[in-house]
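A short reminder: the numbers here are calculations on the coordinates, not readings from a lab. A quick note: this is a predicted structure, and the numbers were derived from the prediction, not measured. All Cβ positions, glycine included, derive from the backbone under ideal geometry; neighbour counts span all protein chains shown.
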């Protein structure tokens, strides 16, 4: 899961309420809504390595 | 207090109120400590089982039963006879697609708008006239507050965590009034939405902005409607095409329009035609994306832009334009509001069994 860093507290609480405290997720700088398609692509490139890393490692490790 | 033996003990009350604060049960204002006996009085005003689940928020793993609603209505300061309105308001707002889809946790911090019709307005002394948005009346103040406490205490939607409100609507949990049917030239909202005249009912939807239209300046209905259309057309609150917006007309504005031959449906049709902005005006505010075929939330790129004089209407149908008449007849001041998601265009009948019994009827 990726969310903007303004939603950190909500994401943490959501993980707790779903019985997955410490659930790992990635953040991207806020805001996102007004980005152009090119800027979204840049964001994706910047976070891609972390996504791959997270998907190939154990959750919470 | 005087220390009269018959008067309640204010120190005991204070201890109980502070206990509620310590437990995190309040919205910042003191709540009424809810004893089991008090909650039972609320439950006597409905035929619904205390164990009935009013709503479940699966993603949070929380639900609200009729019993939990009664506790929160009591804490909000409702009288027991208001409880059927709290239940009806919850049922009504949950007919709103946005309320089912996470609207309660939205960054907009949307406010439920509750409009009551029928004889129950008088029986419970629900304000319908002067100061409908201004406080001072117990049912108007406490019924919407009960919804806020249910959200907080039953579903655990707390500020800064699951309630992601950026700023929120001023008076978010205080917008509830009766329609001023006696001074309205038009059919009551409950009748317009399909119920029999004289039915005690309410409608509720989530709303995202409120703004005055103060126009004591003209007797020309088209000029007046243009003033409303200008306010409804503002770009500030615009997010997407196909928004829903309504008007709480003061009696004077409503009577002027009706006197010029406008039925409620005519006013809605006028708004559908005139409420909107041109592409150039939307572009000036960076909101040209809301035009037909636009890219979404962000501003349009050069290749996506429509011709500058293309008019983008905001409202698509009568069902998206709730019109209510309320307030005093002492000035020509009305209120425009935007619906957060999609008004259900329905009203919910209010259970009256227990209220009638309490009155010996």
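Just rank A:38, B:279, B:187, fewest to most, by other beta-carbon atoms within 10 angstrom.
Neighbour counts put them in this order, fewest first: A:38, B:187, B:279.
According to a simple spin-label model (label point 7 Å from Cα along Cα-to-Cβ), what is the distance in nm between residue B:35 and residue A:51?
For residue A:51 paired with residue B:35, the spin-label model returns 6.0 nm.
Could you work out the helix-only [θ] at 222 nm for chain B, with each DSSP H run of four or more residues adding -39,500 (n - 2.57) and the total divided by the number of residues, to the nearest 500 deg cm²/dmol?
Calculated from helices alone, the mean residue ellipticity at 222 nm is -8500 deg cm²/dmol.
I'm checking a number: the convex hull volume of the Cα atoms of the stretch A:2-56, normalised per residue, in Å³. What is it?
Convex hull of Cα atoms, per residue: 79 Å³.
Regarding the stretch B:88-130, what are the three Cα extents along the principal axes, ordered largest first, in Å?
35, 21, 11
Report the label-to-label distance for residue B:333 and residue B:226 in nanometres (one decimal), using points 7 Å from each Cα along the Cα→Cβ vector.
Once both label points are built, they end up 2.5 nm from each other.
Taking only the Cα atoms of the protein assembly as shown, how large is their convex hull per residue, in Å³?
That works out to 173 Å³ per residue.
If one takes the longest principal axis of the Cα atoms in chain B, at what angle in degrees, from 0 to 90 and to the nearest 10, does the Cα axis of helix B:10-22 lie?
It works out to around 50 degrees.
Can you sort B:43, B:113, B:38 from fewest to most other Cβ atoms within 10 Å of each residue's own Cβ?
B:38, B:43, B:113
Sort all Cα-Cα distances of chain B into consecutive 20 angstrom bins from zero, then give the percent of pairs in each bin up to the one containing the longest distance.
28, 54, 17, 1
How tilted is helix B:221-232 with respect to the longest principal axis of chain B? Cα atoms for both, answer in degrees (0 to 90, nearest 10).
In chain B, helix B:221-232 runs at an angle near 70 degrees to the longest axis.
Sorted from fewest to most neighbouring beta carbons within 10 Å, what does the list B:150, B:353 look like?
B:353, B:150
For the Cα atoms of chain B, what angle does the longest principal axis make with the long axis of helix B:83-93, in degrees from 0 to 90, nearest 10?
30 degrees
Mind checking which of B:177, B:155, B:271 has the largest fluctuation in a GNM of chain B, springs on alpha carbons under 10 Å?
Its mean-square fluctuation being the largest, the pick is B:155.
How many nm separate the modelled label positions at residue A:40 and residue B:52, each set 7 Å beyond the Cα in the direction of the Cβ?
My value for the distance between the label points is 4.3 nm.
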